[in-house]
Structure formats: C-alpha cells, structure tokens
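Below you'll find the structure, written out as structure tokens, and then a few comments.
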Amino acid sequence: MIVKLLAFAGSTRTGSLNQALLDLAVAEARSRGAEVMSIRLKDFDLPLYDGDLEASAFPAKARELKALFLAHHGFLIASPEYNGSVSGVLKNAIDWATRPTDGESMVALSAFRGKVAGLLGASMSPFGGLRGVTHLRQILGTIQTVVATEQVLIPAAHAAFDDAGALKDALPAQLLGGLVAGVIDLAERLEPSTA
Ligand SMILES: Cc1cc2nc3c(=O)[nH]c(=O)nc-3n(C[C@H](O)[C@H](O)[C@H](O)COP(=O)(O)O)c2cc1C
C-alpha cells in the first residue's frame, strides 16, 4: 500500500520553527515512499468552534479540512507549545474535524478513528515543547488515533537549523527518520481506511 499522510503545523506564523521541522519530516516521509500532502492551517481560516455556528452553517472550510483528514491514512503534526499545551489554532482545527457530518453519529470520529499520527515539536525552551506534544498525544488518543511511540522534540530550536533548513545535530535528524519510519510502519500494519 502507498501510505498517504497529511502534514500540518500548529503554528501559522511566517518563519515558524515547527513548520521548518515539519518540512523535514515531510521530505523524510516522501523519501521513504509515502504520499504526503502538506497543508497550512492558516489557509483554512477556520472560525472558532461554536455549536450554534455548527448547527446553522457548518463552515465549508471545516468540512474541507475534515475531508482531507478522511482522505489520508495518518498525520504528521508539528506542535508548538503555548503555555504548556497545544496552540489554539491546532486544537480548534482538531475540534472542528471531530464533529459529525452527513448524518454521522456523535461518536463516529471518522476523521481520526484508527488513523495514525507522528508528533514533532520545536521550541526555544530547553524542553522542546514536550508538554504541548504530550497533551497532543492525549488529545489524539481520546479521539481514537494511534500515535506512534516515537516523537521528535527540538529544544533551543532557534539555533537548531542551518541556513539550508537542515538540523545541525545528527541525533534529532536520526530520530526524525525513526519517527517517520514508525508512522509508515504503523499505517501499513493498521491499513486505516480513507474516504
Ligand atoms: C502564547 C504563547 C505561549 C507560549 N508558551 C510556551 C510554553 O509554554 N513553552 C515553550 O516552550 N514555549 C512557549 N512559547 C514559545 C514558543 O514555543 C515559540 O514562540 C515557538 O517558536 C513557537 O513555535 P513556532 O516557531 O513554530 O511559531 C509560547 C509562545 C506563545 C506565542
């Protein structure tokens, strides 16, 4: 099977260190034979989740994002740490994509159930955004996504990349290969469905 992965970062800013890290994971996954679509959450311009809005006019962009989740076997997600957790942008995108559409049951979680995920985090702190990625692991587990045990955290991320965008240290670069290999392997074993 050709593993299809959707890649996105929880930071939308120009020059995002998490986007830079994600770009490396995307290149790694492609080099290992996966088909990867890399999207920017900023392009979806999602409103904040609101139950009234959901009931009256489910946003087309949220539906579009959910359709992309459905069409892939899994996700590569680079998450910044904001105040010890994931960014609001990332959580909001996940929240919209968990909502039922087209007559699904409340607990269908079709965009996430049985899919796989690989997590990365970059932070200027010495801990590399560990708390954010740990929360993300818990969130994804709650919505039935199988998260690879491998993860990549880049501390002092402002100094971690060279001018060409590569990681300066050999170890995190090696870990990145292990993470991507783990995600592809999990997807092949689980064969998550796509729509
Ligand atoms: C609202 C906010 C809260 C933050 N809280 C944390 C934090 O709890 N831990 C941390 O390591 N960095 C924190 N940071 C710093 C971010 O990790 C840093 O800005 C990082 O570069 C953001 O990722 P990006 O480069 O992908 O945008 C915070 C930044 C913002 C904007």
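The values are calculated or read from the model by the stated rules, or taken from the named source; none is laboratory data. Values in this document were obtained by computation on a predicted structure and should not be read as measured data. Neighbour counts are summed over all protein chains in view; Cβ atoms, including those assigned to glycine, are modelled from backbone coordinates with ideal geometry.
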#### Entry: Unique match (being in contact with a helix residue (DSSP H, G or I) (Cβ under 7 Å, 6 or more places away or on another chain) and either assigned to a helix (DSSP H, G or I) or not aliphatic (A, V, I, L, M) (or both)) among Gly103, Gly121
Gly121
### Message
Six or more apart or on different chains, Cβ atoms under 7 Å: show the pairs whose first residue is in segment 83-103 and within 16 Å of Thr142 (Cα to Cα) and whose second is basic (Lys, Arg) and surrounded by fewer than 19 Cβ atoms within 10 Å (Cβ to Cβ).
### Response
Ser85/Arg131
### Query
What are the residue pairs meeting all of these: first residue in segment 108-129, first residue within 20 Å of Leu190 (Cβ to Cβ), second residue of a type in the set (Gly, Ala, Ser) and more than 8 Å from the ligand (Cβ to nearest atom), Cβ atoms under 6 Å, and 6 or more apart or on different chains?
Ala111/Ala97; Lys115/Gly74; Val116/Gly74; Val116/Ala187; Ala117/Gly74; Gly118/Ala148
### Query
If we scan segment 60-71, do we find a residue that is buried (at least 16 other Cβ atoms within 10 Å of the Cβ) and among the acidic types (Asp, Glu)?
no
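Every residue, every condition in (1) aromatic (Phe, Trp, Tyr); (2) in contact with a helix residue (DSSP H, G or I) (Cβ under 8 Å, 6 or more places away or on another chain); (3) touching a residue at least 40 places away in the same chain (Cβ under 8 Å), yes or no:
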| residue | (1), (2), (3) |
| --- | --- |
| Arg131 | no, no, yes |
| Gln138 | no, no, no |
| Gly141 | no, no, no |
| Val147 | no, yes, no |
| Val152 | no, yes, yes |
| His158 | no, yes, yes |
| Ala164 | no, no, no |
| Leu167 | no, yes, yes |
| Pro192 | no, no, yes |
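Show me the helices (runs of 4 or more DSSP H) found entirely inside segment 1-94 where at least 2 residues are more than 16 Å from the ligand (Cβ to nearest atom) and touching a Ser or Thr at 6+ places or on another chain (Cβ under 8 Å). Working first, answer last.
Working: elements: 17-31, 51-57, 60-70.
It comes to 60-70.
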### Query
Restricting the search to segment 168-191, which residues are assigned to a helix (DSSP H, G or I) and of a type in the set (D, E, K, R)?
Asp185, Glu188, Arg189
### Task
Please name all residue pairs, on different chains or six or more residues apart, with Cβ atoms under 7 Å, provided the first residue is in segment 10-29 and is at pLDDT 95 or above and the second residue is of a type in the set (Phe, Trp, Tyr) and assigned to a loop (DSSP other than H, G, I, E, B).
none
### Message
Please go through segment 95-133 and give me each residue that is out of contact with any Asp or Glu (no Cβ under 6 Å at 6 or more places or on another chain) and closer than 16 Å to Glu81 by Cβ, ordered by number.
### Response
Leu119, Leu120, Gly121, Ala122, Met124, Ser125, Pro126, Phe127, Gly128, Leu130, Val133
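Can you spot a residue in segment 144-151 that is more than 10 Å from the ligand (Cβ to nearest atom) and more than 19 Å from Leu179 (Cα to Cα)? Spell out how you get there, then give the answer.
First, pick out the residues of segment 144-151 that are more than 10 Å from the ligand (Cβ to nearest atom): 144-151.
Next, from what is left, pick out any that are more than 19 Å from Leu179 (Cα to Cα): 144.
Yes, that holds for at least one residue.
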